[in-house]
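The values are calculated or read from the model by the stated rules, or taken from the named source; none is laboratory data. From a predicted model like this one, the values you see are computed outputs, not experimental measurements. Neighbour counts run over all protein chains shown; Cβ positions are idealised from the backbone, glycine included. Side chains are part of the model used for accessible areas, which takes the heavy atoms of the whole protein and leaves out ligands, DNA and RNA. Shrake-Rupley method; radii C 1.70, N 1.55, O 1.52, S 1.80 Å.
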Amino acid sequence: MTCQELRACLGAHLDGELDLSLSLAADEHLAFCVGCQWAYARERELRTLVRTRFPREGAPAALGERIRGALARAARGPRIGAPRRWFYWAAPAAALVLIAVGVGLWQRSAPPPVVRELVAKHAMYSRLDAPAEIVSASQEAVAGWFKGKVRFDVAVPDFSPSGIRLVGGRLADLSDRQVAYLLYEKGRNLVSLFAFPSRGLALPSGEGASGGDERFYVAKVNGAEVVIWTQGPLAYALVSSLDRESLLECADTVWRLVGSRTPPGA
Amino acid sequence: MGSQARREEFEDQALVHLDRVFHLALRLTRNRTEAEDLAQETYLRAFKHFDQFDPGTNCRAWLFAILRNAFLNQQKRQGREVPGLDEGELERFATEMADGPGTLESPEEELLKGVAGAELVAALERLPLIFREAVVLADVEECSYKEIAQICGVPMGTVMSRLSRGRRLLRRALETLVREREGLRRLR
Ligand SMILES: [Zn+2]
């Protein structure tokens, strides 16, 4: 065995993963080659360092309970292949391909990364069986749950006049910031409302929107409707596969609720 | 098997590995919230396919494989870093990183002695995914090469080369971190 051959299998030798004949050959080489002995010692030291000092964090206590709950619901709930709780638009992979192929054509209207990330989050959570951390139809309970968890005041709007009911809330994140995420549903459609500090984020604006309402940026991304706007220090985003009109109605509700709570000029 | 019994059987076999599953999710996603969701998704998927699990085999490795798949699917959906698309490039990157000047002459054995756990994590997080996962599986989770090959769906030879590159990258990242820390101390 040459030095080069030995160096190539040094780690495997250390891990006891070489077959017997290779392992013997390696030992034989190591017995007389000082350079390789040194390399072997270095490799061993790093491996020991990682094995002994790397912090092996355990799961948070609440996670086990959350998963047990989700499993119980999955066991009780619809069989495999049956419809899920929330509708999820078909073939996201195909949608991605379309975006990639159509990029040249659609460059002008390509949604900013923030928008795509929000839609991806909405899509991911609509596929989870129990995405909410607090499950409650009470606006007060959900708003209270966020206190102390995020550094801003979370307004929990009531969409029930439009037949959209509150499911609950959870924490999420976007780039480097915390997001208060409210989940609503209408039939089997999930409606996601995200609220997060807007400072430093490149957010699209509704300026020059065709159709008139310049408060809101609207787009359709991967089959989902998106409405985004900034109000005071926070940005809000609604994502759903509901139609645009319904979503704009929700946006207007949030706008009025937030407006009524923020003192003018603040 | 009744559905209640099936679930209990699954919880007995699989849920005992929750700490390890969460930890791997944390190292792959590098984000606590995402790691919790990924762990949950892993268990729900595993439960769905529990009949495909061979009770004679290693349940933890089976869960790891499901977790990795779920993670990669998520990444693809979000248009983020996906390994294996251009592995040649990654390997070149790794070789350059690992064989840069300074690897041989400095006595970094001394340097590495004072490394803290948090620095190990920070250094590891600088590695591209395919090397990061190889190092975590081998050195933190102490999986065998055969298990890693199954989890990552690659031949043993690939495991060996990714792991040796991954460890070299980790060493360099650690050296950089330690030097940065030492440099700061001198400045104060
Ligand atoms: Zn040698």
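Residue separation times 0.36 nm, minus the C-alpha to C-alpha distance between A:R165 and A:R261: what's the value?
Values: separation 96, 0.36 × 96 = 34.56 nm, distance 2.17 nm.
Fully extending the segment from A:R165 to A:R261 adds 32.4 nm.
List every residue whose amide H lies under 5 Å from the amide H of A:L174, counting only residues 5 or more places away in sequence or on a different chain, with H placed 1.01 Å from N in the peptide plane.
The answer is A:V179.
Would you mind checking which residues have amide H under 5 Å from A:V191's amide H? H placed 1.01 Å from N; only 5 or more apart, or other chain.
Correct list: A:Y184, A:E185, A:K186.
Over the alpha-carbon set of segment B:3-77, work out the extent along each principal axis and list the three values in angstrom, largest first.
Ordered largest first, segment B:3-77 gives principal extents of 34, 22, 22 Å.
Could you please tell me the mean projected area of the C-alpha convex hull for segment A:118-221, averaged over all directions and given in square nanometres to one decimal?
Values: hull surface 30.5 nm².
The directionally averaged projection comes out at 7.6 nm².
Evaluate segment B:112-176: find the radius of gyration of its Cα atoms, find its Kirkwood radius, and give the ratio Rg to Rh. Intermediate values should be presented prior to the final figure.
Numbers: Rg = 11.8 Å, Rh = 11.9 Å.
Rg/Rh for segment B:112-176 comes to 0.99.
I want to make sure I understand the PRE zone here: with the label point 7 angstrom from the Cα of B:V16 toward its beta carbon, which residues in segment B:128-152 have backbone N atoms less than 12 Å away?
What the label zone holds, given the 12 Å backbone N cut-off, is no residue at all.
With every protein chain left in place, what is the accessible area of B:D54 in Å² (1.4 Å probe, nearest 10)?
80
Round to the nearest 0.05 the FRET efficiency obtained for A:L22 and B:K146 when R0 = 22 Å and r is the Cβ-Cβ distance. Don't skip to the end; give the middle numbers.
On the way: r = 16 Å, r/R0 = 0.72.
Calculated value: 0.90.
Please work out how much accessible surface B:H17 shows to a 1.4 Å probe, ignoring ligands, DNA and RNA, in Å² rounded to 10.
About 40 Å², ignoring ligands and nucleic acids.
Please give the solvent-accessible surface of B:K48 in Å², to the nearest 10, using a probe radius of 1.4 Å with every protein chain present.
Here the accessible area works out near 100 Å².
At q = 0.16, 0.20, 0.25, 0.31 Å⁻¹, what log₁₀ I(q)/I(0) does segment A:3-53 have when each alpha carbon counts as one equal point scatterer in the Debye sum?
Normalising to I(0) and taking log10 leaves -0.43, -0.64, -0.94, -1.24.
Could you sort A:S126, A:S260, A:S23 by accessible area so the largest value comes first, with the probe set to 1.4 Å? Let's see the in-between values first.
Working: A:S126 0, A:S260 90, A:S23 25 Å².
Sorted by accessible area, descending: A:S260, A:S23, A:S126.
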